[in-house]
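Okay, so here's the structure we're looking at.
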Amino acid sequence: MKWKIGEHRPDRRRLLRLLGRAFVYAGTALFSVGLMGRRGLAAAIPALAGTGYDWTKHRWGFGIDATRCIGCLRCVEACKTENGVSRDAHHFRTWVERYVYLKGEKAPRIDSQADPGNIAASGSETEYRFDNRYRDAKVEKAFFVPKLCNQCEHPPCVQVCPVGATFRTPDGVVLIDHDYCIGCQYCVQACPYGARSFNPKHEVTDKCTWCYHRITRGLKPACVEACPVDARIFGDQNDPESPISRFIRENRVQVLQPAMGTSPNVFYVGIEKEVV
């Protein structure tokens, strides 16, 4: 298991209990994943009752236009407020990275709202901004890259979960059933995009859901609604005239780490090969 600095580390007794439970479930993996996956889907159905939402008719997609993003971090604040995410700078469902190419350097310098310099600039871990460290530098190129769960069609997080707490809905969103999550963090390590974190208070993993409680009711994700420059695009890929369908059709889009074979459903414009 892998814990971040500052997070609660379970004591030896609890660690052994978690490992024991994981081994028990791993011994019946095929049965467990299938059963718990169905339970996860079944648990999600009552929440949709009465909404008129049919998840078999949608295929959600997300677009990021890095040429528009200004790094204001309103998306991060909106996400935390909407989803009750811890206000510190180290737990997130969506975040923004800054890529800066200085003259004479081949590799970019990368930082995010969790960088100590940016925390110091804001004066608090509950407020987010990028500092002016490059004000006097010779910058050849710079851009911001919003990141979030890619809601992969072949999600490795679902494959490694020993209890089936992580599952993919018919409309393409990967969710976590926290009633079944044992906090083993296998999914955190399996995600190639760093989109999962561990919640030490509740001892479960957490991730972006594209505000599933909103999109199933015809609303946009909170981060999309909060973006002042329309750098985030969301919609139904089954609808050829939806914002995301037009975004994909009208731009040369790319996904992160295509060689991983996860088939992400977040599509980018305006990023470099160094962005992973």
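The values are calculated or read from the model by the stated rules, or taken from the named source; none is laboratory data. Predicted, not measured: the structure shown is a model, and the values here were computed from it. Cβ coordinates were reconstructed from backbone atoms using ideal geometry, including for glycine residues, and neighbour counts include every protein chain displayed.
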ask   = If you scan the range 68-117, which residues turn out to be of a type in the set (S, T, N, Q), surrounded by 22 or more Cβ atoms within 10 Å (Cβ to Cβ) and within 19 Å of Arg133 (Cα to Cα)?
value = Gln113
key: Count of the range 132-156 residues which are over 20 Å from Gly63 (Cα atoms) and either free of Cβ contacts under 8 Å to residues at least 40 places away in the same chain or out of contact with any helix residue (DSSP H, G or I) (no Cβ under 7 Å at 6 or more places or on another chain) (or both)   = 10
inquiry  = Looking at the range 230-251, can you tell me whether even one residue there is of a type in the set (A, V, I, L, M, F, W, C), in a loop (DSSP other than H, G, I, E, B) and surrounded by fewer than 19 Cβ atoms within 10 Å (Cβ to Cβ)?
reply    = no
request  = Determine whether the range 258-275 contains at least one residue that is surrounded by 15 or more Cβ atoms within 10 Å (Cβ to Cβ), touching a helix residue (DSSP H, G or I) at 6+ places or on another chain (Cβ under 7 Å) and of a type outside the set (A, V, I, L, M).
outcome  = yes
inquiry  = Condition first: under 21 Å from the mean Cα position of the chain (by Cα) and without any contact (Cβ under 8 Å) to a residue 12 or more places away in the chain. Now tell me which residues in the range 116-131 satisfy that.
reply    = Glu127
ask   = Can you tell which of Val188, Val204, Val224, Val229 is touching a Lys or Arg at 6+ places or on another chain (Cβ under 6 Å) and over 23 Å from Ala66 (Cβ atoms)?
value = Val188
ask   = Do any residues in the range 56-67 that are on the phi < 0 side of the Ramachandran plot and buried (at least 20 other Cβ atoms within 10 Å of the Cβ) have Cβ atoms under 6 Å from those of residues that are among the β-branched types (Val, Ile, Thr) and not in a strand (DSSP E or B), where the two are at least six apart or on different chains, and which pairs are they?
value = Gly61/Ile244; Gly63/Ile244
request  = Would you confirm whether any residue within the range 208-216 is part of a loop (DSSP other than H, G, I, E, B) and without any contact (Cβ under 8 Å) to a residue 60 or more places away in the chain?
outcome  = no
task = Pick out the one residue from Ala89, Ala47 that is in a helix (DSSP H, G or I), modelled with pLDDT of 50 or more, out of contact with any Ser or Thr (no Cβ under 6 Å at 6 or more places or on another chain) and within 20 Å of Cys149 (Cβ to Cβ).
result = Ala47
message = in a loop (DSSP other than H, G, I, E, B), over 30 Å from Leu102 (Cα atoms) and either among the aromatic types (Phe, Trp, Tyr) or out of contact with any Phe, Trp or Tyr (no Cβ under 6 Å at 6 or more places or on another chain) (or both): which single residue out of Gly172, Gly183, Gly194 fits that description?
response = Gly183
key: The one condition in (1) under 16 Å from Lys80 (Cβ atoms); (2) touching an Asp or Glu at 6+ places or on another chain (Cβ under 7 Å) that Ala165 fails to fulfil   = (1)
inquiry  = Name the residue that is modelled with the highest pLDDT, counting only residues in the range 50-86 that are in contact with a Pro (Cβ under 6 Å, 6 or more places away or on another chain) and among the β-branched types (Val, Ile, Thr).
reply    = Ile64
key: Candidate set: the range 132-161, residues that are buried (at least 16 other Cβ atoms within 10 Å of the Cβ) and in a loop (DSSP other than H, G, I, E, B); chosen: the one nearest to the chain's Cα centre (by Cα)   = Cys149
